[in-house]
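Below is one structure; the comments refer to it alone.
Nothing in this text is a laboratory measurement; each read-out follows from the coordinates by a stated rule. Keep in mind the model is a prediction, meaning the values are calculated, not measured. No Cβ is skipped: glycine too gets one built from the backbone with ideal geometry, and neighbour counts run over all protein chains shown.
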Amino acid sequence: MSPPDSDNARWFAEEVLPHDRALRGYLRGSFPAVRDVEDVVQESYLRIWRTRAAQPIRSARGFLFRIARNLALDTVRHAQASPIDALGSLDGLSVVEERLTAADSLTREDRSRLVGQALASLPTRCREVVFLHKIKGLSQKDVAEQLGLSEKTVANHVGLGVKRCEQFFRDRGIESF
């Protein structure tokens with residue numbers, strides 16, 4: 001039986017929030033590769049709140065730090081698996097040619113048609129996963145639950161599907177879409 005919300009709120013304010021500064025310091029010091037510590041902290045709070053609603057927690061501090069550590073490790077692993085370099089401003093990039101590329105000259109209808117063809121070229125399960133995640137915007141976790149797959153399988157299908165779609169576009173002379 002879960003405690004009433006007022007008890008959870010009191011517990012959270014007394015047992016979790018006092019560790020906020022230490023948690024942020026720990027994450028910044030131990031995981032410098034994590035760009036958005038705030039997201040990890042907020043997700044940690046959400047997870048400890050949900051867990052507390054379902055079962056008692058013996059050591060709020062220990063559990064909070066373990067959640068945050070696991071989330072930070074997941075973030076670092078994800079960044080290593082699919083590195084994306086963020087650019088602050090595109091103004092500093094030099095442009096070699098000013099003419100339209102094949103992708104620039106496509107109309108919205110052409111783009112939609114090509115995306116549909118690229119998706120249709122994927123194997124059935126891969127197509128379902130890519131469609132739900134990339135087109136419908138579902139999280140990988142939600143796709144996994146909906147299709148009865150593991151999150152790792154979903155991630156593999158997404159990676160494979162994106163690579164195959166990129167190759168589909170390159171084969172048609174479209175380097176960036």
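For region 34-81, the ratio of Cα radius of gyration to the globular rule of thumb 2.2 N^0.38 Å stands at 1.20. Descending by average beta-carbon neighbour count within 10 Å, the peptides 114-121, 52-59 line up as 114-121, 52-59, the highest first. Phi angles of region 23-39 translate, via the Karplus equation with coefficients 6.51, -1.76, 1.60 and θ = phi - 60°, into HN-Hα couplings of 5, 4, x, 4, 5, 5, x, 8, 10, x, 6, 6, 6, 10, 4, 4, 5 Hz per residue; Gly and Pro are given as x.
Note on residue 46 and residue 22: the extension gain reaches 6.9 nm, defined as 0.36 nm multiplied by sequence separation minus the Cα-Cα distance.
If R0 is 22 Å, the Cβ-Cβ spacing of residue 80 and residue 156 corresponds to a FRET efficiency of close to 0.90.
Phi angles across region 144-154 convert, under the Karplus curve 6.51 cos²θ - 1.76 cosθ + 1.60 with θ = phi - 60°, into 3J(HN,Hα) values of 4, 5, 5, 9, x, 10, 7, 5, 5, 5, 4 Hz, Gly and Pro given as x.
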